[in-house]
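Nothing in this text is a laboratory measurement; each read-out follows from the coordinates by a stated rule. Note that this is a predicted model, so its numbers are computed, not measured. All Cβ positions, even for glycine, are placed from backbone atoms using ideal geometry, and neighbour counts span all protein chains on display.
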Amino acid sequence: MPREDYEVIIGLEVHSELSTKTKIFCSCPTEFGGAPNTHTCPVCMAMPGTLPVLNEKVVEYAVKAGLATNCEISRDSKNDRKNYFYPDLPKSYQISQFDKPLCEHGYVEIETENGPKRIRLTRIHIEEDAGKLNHDPYGRGSLVDLNRAGVPLIEIVSEPDLRSSQEVEAYMRKLKSILEYIEVSDCKMQEGSLRADVNVSIRPKGSKEYGTRTEMKNMNSFRSIVRAIEYEVERQVEVIDNGGTITQETLRWDDVSGKTFPMRDKEDAQDYRYFPDPDLVAIRLSDEYIQNIKDNLPELPESRKERYLNEYHLTEKEANILTSSKYLSDMFEKASKICGNIKSVVNWLLSDVSRILNEKELEPDQMPFNAEALAELITLIDKGTISSAIAKKVLEEMFTTPEKMPSKIIEEKGWVQISDEGAIKEVVLQILSQNSQSVADYKAGKDKALGFLVGQAMKLTKGKANPQMLNKMFIEEINKI
Amino acid sequence: MNITDLTVHELKEKLEKKEITISEITKAYVDRIVDKEKDVKAFVTTLTDTALAQAQEIEEKVKKGEVTSEYAGIPIGIKDNLCTKGVKTTCSSKMLENFIAPYDATVVEKINSNGMINLGKLNMDEFAMGASTEYSAFKKTCNPWNLNKVPGGSSGGSAAAVAAGLVPWALGSDTGGSIRQPSSFCGVVGLKPTYGLVSRYGLVAFASSLDQIGPITKDVKDSAMLLNIIAGHDEKDTTSINIEKKDYVKALKNDVKGLKIGVPKEYFGEGINSEVKEALERAIEEYKSMGAIVEECSVPIADYALATYYIIACAEASSNLGRFDGIRYGYRTPNFENLKDIFVNSRTEGFGAEVKRRIILGTYVLSSGYYDAYYKKAQQVRTLVKKEFDKAFEKYDILITPTSPTVAFDIGVRSNNPLEMYLADICTVSVNIAGLPGISIPCGVDKTGMPIGMQIIGKHFDEETILNAAYTYEQKIKFREKYKPEFK
């Protein structure tokens, strides 16, 4: 059966690290990095006799996420233990939520080829992250780093509503932007603070029953998620077309070979023996508490987009791209405010900056320079200190040496535009003396000759001469001849 | 005067009158331990080497006014499942044989901040699982009333040490009777406070929803005093309750006139030794004679308490003891080829048979397919047990039962029969299931001279009433004046 005759069914479990200052059950910092086991205490190292104390900020952040994704917030929730042995799990159980998650029955809307589509969320629950194993490259064993153990996570579980890798990417990007907007997670995928378990199955179009699904765990880049889904769908189609059946299993995506492999641990057969954590009391939320969070929810992408259309008169497309990333959108607003040239900020962000980000395969939040730098670049153009051509070169430099402001770059590189009348005149006179034929041509009515002369002058000054001044001065001087 | 015969309130009085010094008290206990510990075997770790120096230090601080607590210089023994910074906390398990906690349990912090002197860590059943202290990986503690008998458990080391005068008082922990039952066997006073009254932070968890730390003392007044020290909300334990602090000594009024006492008949049925029953009946008569109103009552669900208890306690234990995996601390097997070997062999070699039995039982009752039939059902029964006690307490101020169906049994007779060992908890477990306070006080001896314990159960956070009831009875019968352990 051809690929087009199959329907692809995808559901996601997205884990997002919350950006609280301290861990979920102790007061250790959540900061990324740090020497191994320095962000730890007896509680997150699971010393005998220690007890967890729930960080109230974690509940608040999760409720925020739930409200921003149209979930119902549970008034009566609890923590459960998920039991399994692994060296990075110091208590040998993860404190999570089983049958009473904080948030349920939500949805987010994504843009698809066929217009907007609602992706339903089953639930959002809070849990703790595990530590990390550092494998000795010389094969002498593994070392446990518990800095990440106890960092708060939310797990956002979707219904199997996604039908293609494109929809998955759009959904992930939407979630990422919502979480960034409400400032509950920095969503740095490269640091693992946003990652997804992807469940994929296929079925003949029109069929009502789901096929057997496979799960790809801990995917942390949009590109690999899309590639992995494409690969896995092809694989499943091939298996079924050859008369085989899909085994329900956990797969590992290998980015280098571009293939999925079955994970060899016995996780699938595992029984986590969930039960309510007796060390923690029930989480009871009042209507007032929830309403208060709702009232203070930051501006979400949709309303920001509306504002851009109405206040800044941006096009639908411009507003969509800018608001898709809170980082990009914040950058736009901040730079615009500093330099006052909205149109120019939009153009730079959506053309040259986006182009370079694409080339370098970076996400907007990985832009190395800040809004102040971008605003200064635009002001330098507006003041005539540099030409647009030079500005593009400065932007490239800003990506490689982000610690330098544009003014510093042009000063060091000697890229300041020549706008001094005497200096321009000198250049003009020199070019005129060397190109008498072009002068004659211009006088004979060939306007193109002027362009040639300006071009020669730019060449001589390595692009630094002010083009408007050159134009004006050439005409003046030719008329004198 | 023999210092180690005195209660803490007597010691305090003599200290206040300057009849004795802090150093003299500690020295007396150190000498007593040196003399008698070899017979009783109550300690896992003794701190006799450092205790004297510590006593002198405290004495200096008291003179300079740096330590002002009325308990400064009073020695204490601590059950070996309470974390003590710098001193081994073994839980009487090979798993933690050399484990030194990097922090103090909240109750230990309180002991230290009062300038009290830790004489050592007391023996127990491994991870508090047992009723005879025979399941300690290191030694079998003997009952000072008869060295061939068990001291009860799991706080057997604590109860035996108090009975033998090796410590003036001790801290124990009680999950299903582990303070009250050994106190009954050793003829001392053991109080399990209401769940949530004392912080569990630093108590190596057996069953988190049942565990509670409490005092084991020579008499009721000491019990009230030690409860004053250890009770109170702790932000490190969210299950500890934030209520106004009480003075439990003030509750001791030596008066039970009009006190309504219920005697649940379920605790006097089959399996309860006749001499125990008779001792209880005599005690009940005493209460009547002192003006209390006594009635027989019924808590029918109590029959299911033992099964409920073992399901819940083992389920929680199976999870709580997961952290002993050979990775970060504690015993690690030398025999491994891979990760699974480390887990399996460390736990196989590090845990004793009873601990493994309970982990397996607990793992089973939480497994998918069995959860509803066991764990969930047990939680439902737990709710019923609570309701029935609540109902009984609408009518009565306290309930009186035996602490244990028998007096202390011989070492070795039950250690290979888990079910019979579990029956030793039959009178005490429902108190933990309902989260109520319970105290065991001696109410006589049997024909062989072994002490019999009476359990008084109270309403949630109403330790005052059970302490007063126990105190009033104690003042009347003066058990300590009539009976003493044999080797004194």
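Some points to look at:
- Packing-based order for B:92-98, B:313-319, B:256-262, using average beta carbon neighbours within 10 Å, highest first: B:313-319, B:92-98, B:256-262
- With the simple spin-label model, which puts each label point 7 Å out from Cα in the Cβ direction, the A:Glu111 to B:Asp35 separation comes to 9.0 nm.
- Stretch gain in nm, segment A:Glu234-A:Glu412, where the contour uses 0.36 nm per residue and the Cα spacing is subtracted: 58.7 nm
- Residues A:Val239, B:Val365, A:Val439, sorted so that the one with the fewest Cβ neighbours within 10 Å comes first: A:Val239, A:Val439, B:Val365
- Helix-only mean residue ellipticity at 222 nm for chain A, each DSSP H run of n ≥ 4 adding -39500 (n - 2.57), per residue, nearest 500: -12000 deg cm²/dmol
- Multiplying the residue separation of A:Glu159 and A:Ser257 by 0.36 nm and removing their Cα-Cα distance gives an extension gain of 32.3 nm.
- When each of A:Cys339, A:Cys103, A:Cys41, B:Cys91 is scored by the number of other beta-carbon atoms lying within 10 Å, the sequence from fewest to most is A:Cys41, A:Cys339, A:Cys103, B:Cys91.
- Diffusion constant of the stretch A:299-413 at 37 °C, which comes from Stokes-Einstein with the Kirkwood Cα-pair radius and 0.692 mPa s, µm²/s: 229 µm²/s
- Here chain A is treated as a sphere whose radius is the Kirkwood value from Cα pairs; by Stokes-Einstein at 20 °C and 1.002 mPa s it diffuses with a coefficient of 81 µm²/s.
- Alpha carbon convex hull of the protein assembly as shown, volume per residue in cubic angstrom: 233 Å³
- Integer Hz, Karplus 6.51/-1.76/1.60 couplings in order for the stretch A:18-35, x for Gly and Pro: 7, 8, 5, 5, 10, 5, 6, 10, 8, 9, 6, x, 9, 2, 6, x, x, 4
- Calculated diffusion of chain B, Stokes-Einstein form, Kirkwood radius summed over Cα pairs, 37 °C and 0.692 mPa s, µm²/s: 147 µm²/s
- Per-residue packing, averaged as other Cβ atoms within 10 Å, sorts the ranges A:204-214, B:470-480 into the order B:470-480, A:204-214, beginning with the highest.
- Shape class of the stretch B:196-331 from the alpha-carbon gyration tensor: oblate, with a/c at 1.5 or above and b/c at least as large as a/b.
- The phi torsions of the stretch A:468-480, fed into the Karplus equation with coefficients 6.51, -1.76 and 1.60 and a -60° offset, translate into couplings of 4, 5, 4, 3, 4, 5, 4, 4, 4, 5, 4, 5, 6 Hz, rounded to whole numbers, with Gly and Pro shown as x.
- Working note: Karplus 6.51/-1.76/1.60 with θ = phi - 60° gives the stretch A:172-185 the couplings 4, 5, 5, 4, 4, 5, 4, 5, 5, 4, 8, 6, 9, 8 Hz, where Gly and Pro are set to x.
- Inter-chain Cβ neighbour count for A:271-283, averaged per residue, equals 6 (cutoff 10 Å, partner chain atoms only).
- Remark: mean inter-chain Cβ contacts per residue of B:89-101 equal 1, using a 10 Å Cβ-Cβ cutoff to other protein chain atoms.
- Amide H contacts of B:Ile293 (H built 1.01 Å from N, in plane; Pro and chain starts excluded): B:Gly258, B:Leu259, B:Lys260, B:Ile261 sit under 5 Å, all sequence-distant by 5 or more or on other chains.
- Calculated [θ] (222 nm, deg cm²/dmol) that DSSP helices of n ≥ 4 give over chain B, each run adding -39,500 (n - 2.57): -12000 deg cm²/dmol
- Interchain or long-range residues, amide H under 5 Å from B:Ile74's placed H: B:Ile117
- Neighbour net charge for B:Ala279 - beta-carbon separation under 12 angstrom, K R +1, D E -1: -3
- Among the listed pairs B:Lys14/B:Lys79; A:Lys425/A:Lys459; A:Lys408/A:Lys472, a Cα-Cα separation exceeding 21 Å is found for B:Lys14/B:Lys79; A:Lys408/A:Lys472.
- Here the peptides B:33-45, B:163-175 are ranked by packing, the mean other Cβ count within 10 Å, and the order with the highest first is B:163-175, B:33-45.
- Mean partner shielding of peptide B:233-241, defined as the number of other chain Cβ atoms within 10 Å of each residue Cβ, is 3.
- Distance (nanometres) between label positions extended 7 Å along Cα→Cβ at B:Glu57 and B:Lys476: 4.7 nm
- Three-way shape label, the stretch A:421-480, alpha-carbon gyration tensor, a/c 1.5: prolate
- 5 angstrom amide H check on A:Lys446, placed H, neighbours 5+ away: none
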